[in-house]
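Structure first, commentary second.
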Amino acid sequence: MSEEWIKIKDILDGKKTGEEVRVRGWIYRKRSSGGIIFVLIRDVTGVVQATVRKGNVPDEDFTKADKALVESSIKVYGKVKEDKRAPGGYEIEVNKFEVVNFAEPFPITEDHSEEFLLDVRHLWLRSRKLTEVMKLKAKILRLIREWFDQNDFYEVTPSVITMNAAEGGATVFSFDYFGQKAFLSQTAQMYLEALIFSLERVWSLTPSFRAEKSRTRKHLTEYWHLEAEEAWVDNEGNMKIQEELISYVCQNIVKVAKDELEYLGRDTEKLKVVEPPFKRIKYEKAIEILRDKGFDIEWGDDFGAPHERALVEGEDKPIFVTHFPVEAKAFYMKISPDGKTVECADMLAPEGYGEIIGGSERSEDIDSMIARLKADGAKIENYEWYFDLRRYGSVPHSGFGLGLERLVTWIAKLDHIRDATPFPRTINRAYP
Ligand code: 4AD
Ligand code: MG
């Protein structure tokens, strides 16, 4: 008998047929009929049937198999056979059955409300769907790292405790930091900006926090924020970097995550077509398009989900909406020569998924930034260090922030962002 623990996928791929194997995992489902117990066992790679027959295993093993409830952790030993009737087409003819831990009756049985499944999220993470999403997310991250490595970006580790509410006071979580008011970071951008003066091209992955009071399918209060910042790059160059990165992820994820995407029922043709260039439309034009489609929207208004959906209608790739009005965007964005708009771009995903990236060229004009910060009621002295970056060898630079869970939601074609993260934080939930 082989001494190693076999992964279930190797059995399902037909690589172990006729061999004696040992498999460890958890009981996914169970049923018995006469002297036979059919145990579906799952590991990280899949689910296979283990057939326990009275007489084929020691009597005490049979009793254990009979007693063990769903989610008990087990080890099974036996011979792999092809069997068309078994789910997946293979089964293990068990000759030894061990129970590592007898599970108590598992609280998740059949259909449950979303709220209940969120209450037992720590257990629901074992579901096939969430398992496949988590694997997919890890693979997306791997591709993102690969792309940044190949394109001369350094990964850096900025702080998450900050005195700066760079994305505006309305959605910042504040807390008492030894007698001073501090915030949970909404963005690592300002720290990344400081780092480009030595490293030139940097990126980071940090949790970002937004005190979002709205309950939507695309907002979390805590999400993983992937941000990049580049010296000597303007808004157009920034968009090129983003479209290359997103295309790289889409082109390759269909190759490295075939099983996950298939399980999730994702039409991968929709991802294969994602390649540069992405269409760029100016905010002004976007407003025109929306008004033509019957929306009651005016210059200065920000887009909501229905607007974003309407803008990507008929598009098979993400698009950029550029040059938003100054007053609609953050204080750090560079004002365009027209004086009314900023050098920014939001990337909107197709299939109605909305904004996945926000980026811009950064302002180098301290006075204009101060005026815009004051309008938001910010404490200017907390931004002095940031203005130093403009005082000592400033250069044109740009950057962007990608909501990792938004990207996963789109790539996996999920209904709700909460399934793109193991422990979703929303306005009414921080448990478990
Ligand atoms: O557009 P945002 O607010 O931009 C910034 O924070 C910039 N400082 C980033 C930068 O230039 N370095 O956020 C960036 C992205 C959004 O496009 C969206 O994908 C995601 O972060 N995001 C959220 N994801 C989940 N839940 C939320 N509440 C989110 N808010 C923003
Ligand atoms: Mg944004």
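The values are calculated or read from the model by the stated rules, or taken from the named source; none is laboratory data. Computed from a predicted structure; not experimentally measured. Please note: Cβ atoms are built from the backbone with ideal geometry, for glycine as well, and neighbour counts cover all protein chains shown.
Evaluation of residue 229 against the conditions (1) within 10 Å of ligand 1 (Cβ to nearest atom); (2) farther than 24 Å from residue 326 by Cβ; (3) in a strand (DSSP E or B); (4) of a type outside the set (A, V, I, L, M, F, W, C) shows that the sole unmet condition is (2). Within the stretch 381-411, restricting attention to residues that are among the aliphatic types (A, V, I, L, M) and within 15 Å of ligand 1 (Cβ to nearest atom), which residue is farthest from residue 254 (Cα to Cα)? Within the stretch 381-411, the match that is farthest from residue 254 (Cα to Cα) is 389. Restrict the check to the stretch 413-421 and report whether at least one residue is within 16 Å of ligand 2 (Cβ to nearest atom), on the phi < 0 side of the Ramachandran plot and surrounded by fewer than 24 Cβ atoms within 10 Å (Cβ to Cβ). Yes, some residue in the stretch 413-421 is within 16 Å of ligand 2 (Cβ to nearest atom), on the phi < 0 side of the Ramachandran plot and surrounded by fewer than 24 Cβ atoms within 10 Å (Cβ to Cβ).
Every residue, every condition in (1) surrounded by fewer than 19 Cβ atoms within 10 Å (Cβ to Cβ); (2) touching a helix residue (DSSP H, G or I) at 6+ places or on another chain (Cβ under 9 Å); (3) aliphatic (A, V, I, L, M); (4) modelled with pLDDT under 95, yes or no:
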position	(1), (2), (3), (4)
6	no, no, yes, no
30	yes, yes, no, no
50	no, yes, yes, no
89	yes, yes, no, no
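Scanning the stretch 317-335 turns up one or more residues that are over 19 Å from residue 302 (Cα atoms) and more than 15 Å from ligand 1 (Cβ to nearest atom). Out of 356, 370, one residue alone is more than 12 Å from ligand 1 (Cβ to nearest atom) and of a type in the set (A, V, I, L, M, F, W, C). It is 370. Applying the set (1) within 24 Å of residue 162 (Cα to Cα); (2) touching a residue at least 40 places away in the same chain (Cβ under 8 Å); (3) more than 16 Å from ligand 2 (Cβ to nearest atom) to residue 370 leaves exactly one unmet item: (2).
Could you please tell me which pairs satisfy a Cβ distance under 8 Å, a separation of 6+ or placement on different chains, a first residue in the stretch 54-73 that is in a helix (DSSP H, G or I), and a second residue that is among the acidic types (Asp, Glu)? Here the result reads 61/98; 64/98, each pair linking the stretch 54-73 to a residue that is among the acidic types (Asp, Glu). Candidates are the residues of the stretch 403-432 that are within 23 Å of residue 265 (Cα to Cα) and of a type in the set (Lys, Arg); the one that is farthest from the chain's Cα centre (by Cα) is 413.
Please enumerate the residues belonging to the stretch 356-367 that are within 16 Å of ligand 2 (Cβ to nearest atom) and either touching a helix residue (DSSP H, G or I) at 6+ places or on another chain (Cβ under 6 Å) or over 13 Å from residue 324 (Cβ atoms) (or both). Step through it out loud before you land on a result.
Initial filter on the stretch 356-367 (within 16 Å of ligand 2 (Cβ to nearest atom)): 356-362.
Answer for the stretch 356-367, where residues must be within 16 Å of ligand 2 (Cβ to nearest atom) and either touching a helix residue (DSSP H, G or I) at 6+ places or on another chain (Cβ under 6 Å) or over 13 Å from residue 324 (Cβ atoms) (or both): 356, 357, 359, 361, 362.
In the stretch 204-213, which residues are hydrophobic (A, V, I, L, M, F, W, C), buried (at least 16 other Cβ atoms within 10 Å of the Cβ) and near ligand 1 (Cβ under 10 Å from one of its atoms)?
209
Applying the criterion of being within 21 Å of residue 344 (Cα to Cα) and acidic (Asp, Glu) to the residues of the stretch 216-239, the residue that is nearest to ligand 2 (Cβ to nearest atom) is 227. In the set (1) surrounded by fewer than 19 Cβ atoms within 10 Å (Cβ to Cβ); (2) touching a helix residue (DSSP H, G or I) at 6+ places or on another chain (Cβ under 9 Å); (3) not basic (Lys, Arg), the condition left unmet by residue 331 is number (1).
Taken over the stretch 108-119, the criterion of being surrounded by 14 or more Cβ atoms within 10 Å (Cβ to Cβ) and either touching a residue at least 60 places away in the same chain (Cβ under 8 Å) or aromatic (Phe, Trp, Tyr) (or both) is satisfied by 118, 119.
Of the candidates 308, 315, the single residue that is more than 26 Å from residue 363 (Cβ to Cβ), among the acidic types (Asp, Glu) and surrounded by 13 or more Cβ atoms within 10 Å (Cβ to Cβ) is 315. Beta carbons closer than 7 Å, at least 6 apart along the sequence or on distinct chains, pair a first residue in the stretch 339-352 that is closer than 11 Å to residue 279 by Cβ with a second that is away from ligand 2 (no atom under 16 Å from the Cβ) and of a type outside the set (A, V, I, L, M, F, W, C) for 350/315; 350/316; 350/317.
Tell me yes or no: at least one residue of the stretch 199-215 is part of a helix (DSSP H, G or I), farther than 30 Å from residue 273 by Cα and either away from ligand 2 (no atom under 16 Å from the Cβ) or of a type outside the set (S, T, N, Q) (or both).
Our first condition is that a residue be part of a helix (DSSP H, G or I); within the stretch 199-215, this holds for 199.
Retained after the next criterion (residues that are farther than 30 Å from residue 273 by Cα): 199.
After this cut, where a residue has to be either away from ligand 2 (no atom under 16 Å from the Cβ) or of a type outside the set (S, T, N, Q) (or both) as well, the list is 199.
The answer is yes; a qualifying residue exists.
Scanning the stretch 164-194 for residues that are assigned to a helix (DSSP H, G or I), within 12 Å of ligand 1 (Cβ to nearest atom) and not β-branched (Val, Ile, Thr), we see that the one that is surrounded by the most Cβ atoms within 10 Å (Cβ to Cβ) is 189.
Of the numbered criteria (1) under 22 Å from residue 161 (Cβ atoms); (2) at pLDDT below 95; (3) not charged (D, E, K, R), the one residue 214 fails is (1).
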